[in-house]
1. So Ile173 fits all but one of (1) aliphatic (A, V, I, L, M); (2) modelled with pLDDT under 95; (3) farther than 25 Å from Pro105 by Cβ; what number is the exception?
2. Quick check on my filter: what residues within the stretch 46-63 are open to solvent by 70 Å² or more (accessible area, probe 1.4 Å) and either touching a Gly at 6+ places or on another chain (Cβ under 6 Å) or aromatic (Phe, Trp, Tyr) (or both)?
3. Need pairs with beta-carbon distance below 6 Å; first residue within 17 Å of Ser116 (Cα to Cα) and within the stretch 128-142, second assigned to a loop (DSSP other than H, G, I, E, B); sequence gap 6+ or separate chains.
4. Suppose the filter is touching a Ser or Thr at 6+ places or on another chain (Cβ under 7 Å), in a strand (DSSP E or B) and either open to solvent by 60 Å² or more (accessible area, probe 1.4 Å) or β-branched (Val, Ile, Thr) (or both); does Thr297 pass it?
5. Filter the stretch 259-289 for residues that are more than 16 Å from Ala300 (Cα to Cα) and either under 20 Å from the mean Cα position of the chain (by Cα) or hydroxyl-bearing (Ser, Thr, Tyr) (or both) and give the result.
6. When only residues in the stretch 35-57 that are in a loop (DSSP other than H, G, I, E, B) and of a type in the set (A, V, I, L, M, F, W, C) count, which is nearest to Ser181 (Cα to Cα)?
7. All but one of (1) at pLDDT below 90; (2) part of a strand (DSSP E or B); (3) polar (S, T, N, Q) hold for Ser126, so report the exception by its number.
Amino acid sequence: MGSVLALSSRPARLNSPFPQDRPLSRWDRREGRLPNPGGFDGLHRSCKDVFPQQTEGVKLIINKTISSFFKVSHTFHLSAVGPSNYRFHASYLQSDTDSKQVDSPILIGEMDSSGSLNAHSLLHLSERIRAKAVFQTQQSQFVTWQFETEYRGSDFTAACTLANPDVLKESVIMVAHFLQSVSPQLVLGGELVYHRGRAEEGGILTLAGQYSGPNWVATLNAGKGGAHASYYHRANKQIQVGVEFEASTRTRETTFSFGYRLDLPEANMVFRGMLDSRCIIGGVLEKRLSPLPAVLTLGAFVNHRGDKVQCGLGVTVG
């Protein structure tokens with residue numbers, strides 16, 4: 001079916017596993033105040049959610065709710081490209097809108113059959129401040145350990161992340177984010193990435209802006225490392241479209257992508273499709289199998305330039 005990497009060189013999207021579309025807290029909806037702009041990693045989320053996720057092989061996901069806060073899932077993936085694997089996922093979720101439980105942490109962990117671990121912990125220190133820790137291992141080797149602190153004001157968000165600090169090797173990566181709501185429609189901010197090692201030291205500054213309309217969102221990130229622009233438009237209750245443009249000064253590559261999402265609530269179906277400037281066309285269909293608590297996923301991606309095809313079938317139970 002062809003290599004997954006041959007179909008697309010786009011890096012994996014490492015989105016946070018914590019819920020982003022949470023109910024607004026009291027300081028998010030004060031009358032006469034500008035809205036909170038949210039996190040820096042969510043600037044392009046509206047557009048990215050329109051695009052389909054690439055699927056390959058056969059995947060079975062079984063979700064089980066142990067209690068109102070504790071959930072587990074089992075994932076079996078049979079692949080014709082890479083090794084087949086099994087993943088166990090456990091999560092302890094706590095509503096951050098419950099003032100009585102605001103100090104309780106949120107824990108999420110996932111381990112696969114090779115012994116690799118991906119763990120996240122989120123702690124609400126106060127109504128405005130939260131801390132997050134992320135640990136990732138590749139079998140017995142640590143590959144990522146990072147700590148993040150975020151402060152959400154009434155009309156701004158500031159965050160600082162410390163990644164892979166190593167005193168012996170004298171290396172560290174620091175990332176600072178800041179977003180400010182200038183008006184109800186306009187958000188401005190930036191990102192500063194500083195990295196230091198024994199062989200090199202440097203920093204990259206990226207400026208960001210987002211303008212929202214009644215049913216559309218336009219976002220632009222630009223800096224020394226390149227540019228990333230996206231446009232999201234909701235035509236009606238059934239149709240959503242998104243356009244992305246990415247240019248990298250490091251790889252000297254430029255890509256243009258178009259995606260769309262079609263919701264058919266009467267048929268319990270959601271279809272996502274995309275095409276880009278690398279001659280890749282793909283689509284994913286999600287069908288809820290009512291009255292069963294299951295979702296059937298069918299996907300196919302074709303790389304016309306590389307003459308490769310990738311197909312996938314998935315079933316989610318629970």
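The values are calculated or read from the model by the stated rules, or taken from the named source; none is laboratory data. Values in this document were obtained by computation on a predicted structure and should not be read as measured data. Positions of Cβ are backbone-derived with ideal geometry, glycine not excepted, and every protein chain shown enters the neighbour counts. Note: accessible area is taken over every heavy atom of the protein model, side chains too, but ligands, DNA and RNA are not part of it. Shrake-Rupley method; radii C 1.70, N 1.55, O 1.52, S 1.80 Å.
1. The single condition Ile173 does not satisfy is (3).
2. Quick first cut of the stretch 46-63, residues open to solvent by 70 Å² or more (accessible area, probe 1.4 Å) only: 49, 53-54, 58-59.
Listed by number, the list holds a single entry, Lys59.
3. From residues that are within 17 Å of Ser116 (Cα to Cα), the pairs are Thr137/Ser116; Gln138/Ser116; Gln139/Ser114; Gln139/Gly115; Gln139/Ser116.
4. On the way: touching a Ser or Thr at 6+ places or on another chain (Cβ under 7 Å): yes; in a strand (DSSP E or B): yes; either open to solvent by 60 Å² or more (accessible area, probe 1.4 Å) or β-branched (Val, Ile, Thr) (or both): yes.
Here the answer is yes, as Thr297 does meet what is asked.
5. Within the stretch 259-289, just Ser277 meets the criteria.
6. Residues of the stretch 35-57 that are in a loop (DSSP other than H, G, I, E, B), as a first pass: 35-39, 43-44, 49-56.
Narrowing further to those that are of a type in the set (A, V, I, L, M, F, W, C): 43, 50-51.
On the way: Leu43: 13, Val50: 25, Phe51: 27 Å.
So, considering only residues that are in a loop (DSSP other than H, G, I, E, B) and of a type in the set (A, V, I, L, M, F, W, C), the one nearest to Ser181 (Cα to Cα) is Leu43.
7. Checking Ser126 against (1) at pLDDT below 90; (2) part of a strand (DSSP E or B); (3) polar (S, T, N, Q), the one that fails is (2).
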